[in-house]
């Protein structure tokens, strides 16, 4: 996230919290714009809110990040949690470059098997 857009991003997270009924904790390396977002389902112990709205909430968070100049990946990469959302929020050309780099540096597919690029 561009540091200049952090305030807008954090304000948007508070709005998503109000609308969705879940808590969102943002932390990380704010000086360089690296924000870790944790969506918590602690207000509804039955899980009903989360089951019904989780996809919408996650898409709202990711869409906000992209609109404010951020990306889904940070210093830790994509990981398993964001894997299923990555292609929806990433330029296909960037994905192609990722896959080519994976093939170049890991032709035997030994590194991080089954993580993101098979």
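The values are calculated or read from the model by the stated rules, or taken from the named source; none is laboratory data. Just so it is clear, the model here is predicted, and its values are computed rather than measured. FYI the Cβ positions are ideal-geometry reconstructions off the backbone, even for glycines, and counts take in every protein chain you see.
Can you list the helices (runs of 4 or more DSSP H) lying wholly within the range 33-118 that have 2 or more residues being farther than 20 Å from residue 12 by Cα and modelled with pLDDT under 80?
48-67, 79-86
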May I ask you to list the residues in the range 1-32 that are in a helix (DSSP H, G or I) and touching a strand residue (DSSP E or B) at 6+ places or on another chain (Cβ under 9 Å)? 6, 9, 10, 13, 14, 16, 17, 20
